[in-house]
Amino acid sequence: MEIDSVTLARIKDEVKKESPDWHLVEVLTRGIVDSDPNRVRFNVDAGHIKKLGDELVGKQETALIELVKNAYDADATKVSVKLVGADSPGGTLIVEDDGNGMTQDVVRNSWMTVSTPDKVSEPISPLYHRVRAGRKGIGRFATQRLGRKLILETGVTGSSTGTKVVFDWESQFVQGERINDIFSQVSAYTKPVEVHGTRLTIEKTSERWTKAELDRAADSVIFLRPSFFSNHPNAEETGSNDRSQIDDPGFEVEINGHATKGKEVAINFRNHFLDHAIATITGEINEDGSASVTVVSKKLELNETNPFDDKFLVTGPLRFEAYYFIYLTTTMPGRLYKTAAQFGREYGGVKVYKNGFRVLPYGDVTDDWLKLDVDSSRRFLLVPANNRNFFGHVELTDSANPFLEETSSRQGLIDNESLVELRNFVRGGLEWAAKRVANVRAKKAVPGPKRYSPPTISRPSHTIDQLLQAASTAPSHPDLSAAGLVAVPQTHLQALKENLEAWEQESERQRRASLQYEEMLRILASMGLAISVFGHEIRGSRSSILGYVQLLRDKIEILHDGARTDLSEVIGDLDSATSRMFDIGGYITSLMSATGSKELKSLSVRGAIDRFYKQFEYYLEKQRVVVTVDVEPSSLRTTPMHASEIDSVLLNFLTNSLKSIKKTGKKDRRIRISARKDGKYVLLAFEDNGVGIPPEHADRVFEAFFTTTTNTEEDVLIGPGAGLGLKIVSDIAQSYGGEASVGTPTGGYNCRIEFRILALEDA
Amino acid sequence: MFNGFFIDDSPRDANLYSGLLSEKNSLSIRPLKLEDITVLGKKIISSSPDIVAIDFRLDENISDSPDAIGLYKGSTLSQLLRDWTLDLPAQDFPIVLVSAETKMRSYHLRDQGVQSQFDLTYSKEQLSDRNHEPRRQLLALCKGYVEIKKVWKSLNFGSLLNLDPEEFDSIKTQGLNKGFATVVSPSGLSRFILRNLIERTGPLYDLYDLAAVLGISQESLKLVVDTEHIRKLQYEGIFNDGWSRWWSHRVDDWTSEQFATPATTLPGSERAKQLTKILGRKVNPAKSTWNGSPDELFAVSCVCCHNPTELRHSLTVFDGARPDFIRSRRVCWDCIQSDRPSSLGIQIDDFDQRLVKRIQALEKGADFE
């Protein structure tokens, strides 16, 4: 390499001086190095710093969050964000923390080195062992995104001086200058030895901070850490198995001295809101890619886990949790309903956390990364499953999920196969869980049009609310503003139209269902009236007929022995035949009389079965049916209900059993009535040794007008099948929080129908 | 032979129930056609009946009674008859209500006073069943009225109850004295004795009470009820042919003497053991309806299931008009747990009401902790 002699001489002259200009020496030396014809190297233009700030950090809120994350990484317990005159460009933003701070060496060798942060080599913070959030070493350039000048003041404990560096991004870091040639002024300042931390004063802010932007920043801070979702406000998930020897005291962020909106929201959420979730959903991908999702709902007595058929091989092991909300007055206290729905609109969604810090924009109000909103509006999803219905988070770490990497702009994860898998996993898990909840709720929902509420389609008013909200935050054209108008995107209007159409369809479906139900009620009502009159007449004639039988018995006393004996037998048969009829008449009258009472009362299951059995004891003995009653515990009581309803249930079961037993033609006739406490339910089971229910009918026996009886039975009690009996049983069960189902018969029996309703203590 | 009438607005029912109320060779009840209440009333009084039975609803089958002027109920007719005989004790007679069960229940619920006008009430269903009890009771009633009217001018309550003066004095309470002192007619006295002595537990025990105090099963009681010892305890006063009753003071005294302690302080098993020896017949102890134990201190019969029950496993029934000589009724815990009181229209006393929910929540046989 031929060295330029003039340059070499200048270098020599300069180093001979008492105070050489080392900057000049470096520039000259670099010129010599760069003139090597056999080697080349990159240089960085100073303007690149501006690019790093402007282009890698998308929004100013994101930039601010990056600075907050840096403070967290430095073991700060508190970060204060102050904005002075920032409602227009040119204000001042001060971010100050009580973290470890930096020595001048660290500032010089680490902070001032682009993209080679010590956080990669030391991923865990020294004091509280936090998993560091920033890894790429570009967070510091967020300061450039935020303002034109930065004053960095930092100090460590044990030193009486701190280091102050001033960066004038605007005048120094200009295009055309080499970055190596730009020097920022370092100075020392005195401080108490125990003080530590870093203060960033960003002057001449680039943009104004509107209230909405400040709110968004505050909101982002609320959800900055996944601990928000914990039931323990002080719990801090580090995402690492390593636990600090020193307890992490937590991390607080203040904006403008208080900025407590987030804090209040968080407290309200934890204390008042999350408990009212209808279910919690957790999903997990294991090391081998197998995955499962679990839905737990105390309210619905639901606890199910479903394994995924697919394997998720590129995400790495991860876990998500979500609180699932359905904003109906039937699912949460009325006083909370409106607030909860508001929370849902503002903060709902599934957020993503990487190394313990939020990855934006997943789960933001305008984000729909799981396509929950779009699929709901198109009715691909028919259960309540908009983003607002979920408060969830996915936790990722660099070590476990290396392919789920944040973009440099901090605006999401790199769109790759791994992200697609993550999306499919979370979406699939939430959708399955929401459907399970809907299924259980539908079973528990009270049938009949009056108490029906559509569970699947969001109300048009909600959609309009969303639309108005979106319009209020969207940038508005001055002409429109002047005219008092707002711009509404075409897509939102389309979504509203689709929502209205879906609502209309659902309303029509409900109307048809109501008409059908009404028809069934009309049939039942007319049958009920006829039965009531029949029961009354039967009961009324009972005393007369039995009286005549008795009178006849008295009259034959005068006959001679032989004739008296013969007539006595005939009278005995007449007595027996009529008694059976009167049992039914008496039962119907008592049933109708009990129905008259509108009072709901908790019933003793043992007492109800005993009374029912006594009513038919004589009849069943005549039919040679052996009945076993087994109630355990004896104290078992139903939720408050109409007494006649449990009689209806038992009568339905009895008539079905008798029909079934008669079909077998066998002499050994057995019925077993049992009741048990089954969780929060009373489980009343009716078993018989009749012909049983074919498996293909098991799901249909509870449908209205489903019957297998085609011939009119001659028996006064069991009669023909109208196909409404088990439907009524099922409706009664559902109206008391339970269900009716076909069960597995115990030994010696061929059919078992189970009737579940809430027990008293859990009602 | 006693004679009487049955009045019903349905001629068919009138014939039927007249037959069912009658007892061959001893009680003849004839149907009486419904007509204007005054005419009918006079007809009844002038016939000097030994007994009159009236259906409650006389206003339902008006087509069958074209001569009826105005519609009236059985209670109106009964009140008229009572008014007319009030000052004529020699012409007083028992009046019995006979009506369909449902009607009786609905009217009694609305007007408790209706029942008090009648000596006895029967449902038509009761008369139709194959038992002779109502007829036996009607005969006893007729005989009782004859006795009362015979001694009416020099009425001695003790002798009417077949108690010597000393024994009568021993059972008298302020309430009993006042009750006897306020009767002004034979029917008034009849109703006082029936309502307070025969139909309620106080001076007299019924079969269920007796089993409870003896601490034995009802089946066992049937085996020993005719023994010399028990017969001596029996009530042999007025109306005794119609109802089996035992003087409570005699039973209590006798058992205390035999057991050398009040009966209810001994477990049922011990009482049964001793009674087996005393009566010479094997008797079994009662068993608690709550825990099945024969070792409980049985004291009363449950008003719902009638089984002997112990005080500690029973609650007091509300009785708003209980005189001092009437014992409070109780319901066993088993019936409480099975909701039987409410289905029978029995109300638990407010003082014990607080325990109902706790009993309902207990496992059968368990005690409060």
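Details
- Here the Gaussian network model covers chain B, with springs between Cα atoms less than 10 Å apart; of B:168, B:325, B:93, B:168 fluctuates the most.
- When the alpha carbon gyration tensor of segment B:136-186 is reduced to an equivalent ellipsoid, its three semi-axes come out at 20, 13, 11 angstrom, largest first.
- Expressed as a whole percent, the accessible area of segment B:217-270 that falls on carbon and sulfur atoms is 46 (1.4 Å probe).
- Applying a threshold of 30 Å to the alpha-carbon distances of A:435/B:364; B:143/B:232; B:43/B:150 flags A:435/B:364 as lying beyond it.
- Cross-link partners of residue B:277 among lysines (Cα-Cα below 17 Å; sequence separation of 8 or more within a chain): B:222
- Considering only B:260, B:100, B:299, the Gaussian network model of chain B with Cα springs below 10 Å gives its largest mean-square fluctuation to B:260.
- Extension gain for residue A:576-residue A:275 works out to 102.2 nm (0.36 nm per residue, less the C-alpha to C-alpha distance).
- A simple rule links phi to the HN-Hα coupling: the Karplus curve 6.51 cos²θ - 1.76 cosθ + 1.60 with θ = phi - 60°, which for segment B:308-316 gives x, 9, 8, 4, 6, 10, 8, 10, 7 Hz, with x for Gly and Pro.
- Only Cα pairs under 8 Å and 6+ residues apart enter the sum, and on that basis the relative contact order of chain B stands at 11 percent.
- Full extension of the chain between residue A:36 and residue A:567 gives 177.3 nm of extra length, using 0.36 nm per residue less the Cα-Cα distance.
- For residue A:343, the solvent-accessible surface with a 1.4 Å probe is about 30 Å², rounded to the nearest 10.
- Here the contact order of segment B:224-369, divided by its residue count and restricted to Cα pairs under 8 Å and six or more residues apart, works out to 15 percent.
- Average beta carbon contacts from partner chains per residue of A:543-553, 10 Å cutoff: 6
- Computed lengthening from residue A:408 to residue A:439, 0.36 nm per intervening residue step minus Cα-Cα distance: 6.9 nm
- Solvent exposure of residue A:548, expressed as accessible area, is near 100 Å², computed with a probe of 1.4 Å over the protein chains only.
- Ranking A:511, A:199 by solvent-accessible area of protein heavy atoms (1.4 Å probe, all protein chains present), from largest to smallest, gives A:511, A:199.
- Amide H to amide H, with H built 1.01 Å from N, residue A:302 comes under 5 Å of A:297, counting only residues 5 or more places away or on other chains.
- Treating r as the C-beta distance of residue A:632 and residue B:253 and R0 as 51 Å, the FRET efficiency rounds to 0.70.
- For the pair residue B:228 and residue B:192, a Förster radius of 41 Å applied to the C-beta separation gives a FRET efficiency near 0.85, rounded to the nearest 0.05.
- Label-point separation in nm, residue A:482 to residue B:182, each point 7 Å along Cα→Cβ: 9.8
- Note on exposure: B:333, A:111 ranked by accessible area (1.4 Å probe, complete protein assembly) read A:111, B:333, with the most exposed listed first.
- Converting phi to 3J(HN,Hα) with the Karplus coefficients 6.51, -1.76 and 1.60 and the offset θ = phi - 60°, segment A:615-631 yields 4, 10, 4, 5, 4, 5, 4, 5, 7, 6, 9, 8, 10, 10, 10, 9, 10 Hz in sequence order, with x at every glycine or proline.
- The mean number of Cβ atoms from other chains found within 10 Å of a Cβ in peptide B:335-347 is 4, as a whole number.
- As a rough guide to protection, the peptides A:73-80, A:347-354, A:19-26, B:278-285 ranked by mean Cβ packing within 10 Å, highest first, stand as A:347-354, A:73-80, B:278-285, A:19-26.
- A Förster distance of 51 Å, applied to the separation of the beta-carbon atoms of residue B:26 and residue B:265, puts the FRET efficiency at 0.70.
- The label point for residue A:175 and the one for residue A:114, both projected 7 Å from the Cα toward the Cβ, are 1.5 nm apart.
- Annotation: the protein assembly as shown has a Kirkwood hydrodynamic radius of 38.7 angstrom, from the mean reciprocal C-alpha pair distance.
- Separation between Cα centres of segment B:355-369 and segment A:502-536, rounded to whole Å: 42
- A versus B: buried accessible surface, summed, Å² (probe 1.4 Å, to nearest 100): 2200
- Value of [θ]222 nm, deg cm²/dmol, for chain B, DSSP H segments ≥ 4, -39500 (n - 2.57) each, nearest 500: -12000 deg cm²/dmol
The values are calculated or read from the model by the stated rules, or taken from the named source; none is laboratory data. Everything numeric in this text was worked out from a predicted model, so none of it was measured. Heads up, the Cβs are rebuilt from the backbone with ideal geometry, glycines too, and the neighbour counts pull from every protein chain shown. Note: accessible area is taken over every heavy atom of the protein model, side chains too, but ligands, DNA and RNA are not part of it. Shrake-Rupley method; radii C 1.70, N 1.55, O 1.52, S 1.80 Å.
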